[in-house]
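Presented below is the structure to which this report refers.
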Protein chains: 2
Amino acid sequence: MSSDAADAIMDGTHSALRSRGYADLTMRDIADEAGVSKAALHYHFDGKHDLLLSFLDRLLERFEARLDGVTGANPEERLLSLAETVTLPPAGGDPREFRTALLEIEAQAPYDEAYRARLERFDEAFADRVRSVLAAGVADGTFDEGVDPDEASSFVVTYVKGARTRNVAVGASLDDSLAAFRRYVRSTLSADPSEGVAAE
Amino acid sequence: MSSDAADAIMDGTHSALRSRGYADLTMRDIADEAGVSKAALHYHFDGKHDLLLSFLDRLLERFEARLDGVTGANPEERLLSLAETVTLPPAGGDPREFRTALLEIEAQAPYDEAYRARLERFDEAFADRVRSVLAAGVADGTFDEGVDPDEASSFVVTYVKGARTRNVAVGASLDDSLAAFRRYVRSTLSADPSEGVAAE
């Protein structure tokens, strides 16, 4: 498959998940959104499940690239920027529809080992970056020496997952969730709370 | 409908959601699990959606009763107990199957105003109790005077939502999430971290 064709199919899958959700999604929907024939889609993929696994693999690559593009003057800024990157939508648009479809896929994970394996890689990709920046911050004195990077990274990943799920399920504001996260970082992780970069 | 019949139908709905999930659930499945005829079910409910709304209403009543049954020697103990009540399964069993079905329903919320309204009431029921116990703890000196009960309660609800979602989606341990939560309460909310009831 050409790179252009792969891009079109992956973009089409993204659009189709937004407009149709996961449960009702068909190969026809994806073909229509991608502007390719259904036969071409079936030539490359062994059905909807196979296509969605490829889609998740590609989404993971992009997710990791976004995480690795995060910058900041010090570990605290980088931590806040990582959390914003995962919490807020990539292009500033409304992520609700797409994230709702992802939540449907998460609800399949207990019964689908292949989905589960992909979702674990998303979780670990975020946790790894958070753990590294926490360790760097403990080492350079940005974060309190009592911070355990393993436990604190798990806490951060759990909180961000909650922010996204509450946004989909009950419309909780992502900006409010991030503001509360910034105060948590300053008051709990920072070595000197009064000098946090996010101080108001 | 008699109270016994209502109980049987609600218990049957719970079992059917566990075994079939939300998307594939049929009135037939619920009737079979409840030990009633499909005709009886249709006599009382205007289809699966109507029945599930009644089910969620009843689940909310039980959820609120469990929250109101939480005790503890002081506000910190009560806060930890509230978080445990919402994070751990009611009877000590594996909650994964039922929570997976609830996650499916959460993924419907953006497109279903009636589900959304119910889910908001669950969210608010938990947030209200957490807010009250935080305010009580600030007033009696258990929690730091700088703790804002509105913001901290939202933070707690978000974290617990994340713990449940990560448990379903990637199998993250509920016990580990709770242990990290206890340390957060002690280090961030307690007026005197060294005297926290959860100190190790």
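The values are calculated or read from the model by the stated rules, or taken from the named source; none is laboratory data. Computed from a predicted structure; not experimentally measured. Methodologically, a virtual Cβ is constructed for each residue, glycine included, from the backbone with ideal geometry; neighbour enumeration extends over all protein chains shown. Areas reflect the complete protein model, heavy atoms only, side chains present, ligands, DNA and RNA absent. Shrake-Rupley method; radii C 1.70, N 1.55, O 1.52, S 1.80 Å.
Within region B:126-138, not a single residue is more than 8 Å from chain A (Cβ to nearest Cβ), charged (D, E, K, R) and not in a helix (DSSP H, G or I). Screening residue B:110 with (1) modelled with pLDDT of 95 or more; (2) within 17 Å of residue A:163 (Cα to Cα); (3) open to solvent by 30 Å² or more (accessible area, probe 1.4 Å); (4) not hydroxyl-bearing (Ser, Thr, Tyr) gives one miss only, at (1).
Run residue A:116 past the list (1) without any contact (Cβ under 8 Å) to a residue 24 or more places away in the chain; (2) assigned to a loop (DSSP other than H, G, I, E, B) and report the number of the one that doesn't hold. (2) is the only condition that residue A:116 fails.
How many residues are open to solvent by 50 Å² or more (accessible area, probe 1.4 Å), touching a residue at least 24 places away in the same chain (Cβ under 8 Å) and under 18 Å from residue B:107 (Cα atoms) if we restrict to region B:21-35? Even if it seems obvious, please write down each step before you answer.
Here is the first cut: in region B:21-35, the residues open to solvent by 50 Å² or more (accessible area, probe 1.4 Å) are B:23-24, B:26, B:28, B:32-33, B:35.
Next cut, touching a residue at least 24 places away in the same chain (Cβ under 8 Å) only: B:23, B:35.
Now drop any that are not under 18 Å from residue B:107 (Cα atoms), which leaves B:23.
So the answer is 1.
Might you check whether a residue that is modelled with pLDDT of 95 or more, facing chain B (nearest Cβ under 8 Å) and open to solvent by 40 Å² or more (accessible area, probe 1.4 Å) occurs anywhere in region A:115-125? Among the residues of region A:115-125, at least one is modelled with pLDDT of 95 or more, facing chain B (nearest Cβ under 8 Å) and open to solvent by 40 Å² or more (accessible area, probe 1.4 Å), which makes the answer yes. For region A:101-136, taking the residues that are out of contact with any Leu (no Cβ under 9 Å at 6 or more places or on another chain) and hydroxyl-bearing (Ser, Thr, Tyr), the one that is farthest from residue B:20 (Cα to Cα) is identified as A:132. Looking at region A:54-64, can you tell me whether even one residue there is at pLDDT below 95, loosely packed, with under 13 Cβ neighbours inside 10 Å and not in a helix (DSSP H, G or I)? No, that holds for no residue.
Can you tell me which of A:95, A:75 is within 14 Å of chain B (Cβ to nearest Cβ) and more than 14 Å from residue B:169 (Cα to Cα)? Reasoning before the result, please.
Numbers: A:75 fails: within 14 Å of chain B (Cβ to nearest Cβ).
Only one candidate passes the filter, namely A:95.
Look at region B:41-66: where a residue is free of Cβ contacts under 8 Å to residues at least 60 places away in the same chain and farther than 16 Å from residue B:17 by Cβ and a partner is assigned to a helix (DSSP H, G or I) and open to solvent by less than 70 Å² (accessible area, probe 1.4 Å), sitting 6+ places away or on another chain with Cβ atoms under 6 Å, you get B:66/B:85. Is it fair to say residue B:5 is of a type outside the set (S, T, N, Q), more than 16 Å from the chain's Cα centre (by Cα), closer than 23 Å to residue A:23 by Cβ and at pLDDT below 95? In short, no. If the condition is being over 25 Å from residue B:171 (Cα atoms), more than 7 Å from chain B (Cβ to nearest Cβ) and of a type in the set (A, V, I, L, M, F, W, C), then region A:158-187 contributes A:179, A:185. Looking at region A:139-157, which of the residues that are open to solvent by less than 40 Å² (accessible area, probe 1.4 Å) and assigned to a helix (DSSP H, G or I) is farthest from the other protein chains (Cβ to nearest Cβ)? Only one residue tops the list, namely A:149. Residue-level check: of (1) open to solvent by 30 Å² or more (accessible area, probe 1.4 Å); (2) within 22 Å of residue A:118 (Cα to Cα), residue B:104 misses just (1). In the condition set (1) of a type in the set (A, V, I, L, M); (2) surrounded by fewer than 14 Cβ atoms within 10 Å (Cβ to Cβ); (3) touching a Leu at 6+ places or on another chain (Cβ under 6 Å), residue A:39 is compliant with all but (3).
Residue-level check: of (1) out of contact with any His (no Cβ under 9 Å at 6 or more places or on another chain); (2) within 12 Å of chain B (Cβ to nearest Cβ), residue A:56 misses just (2).
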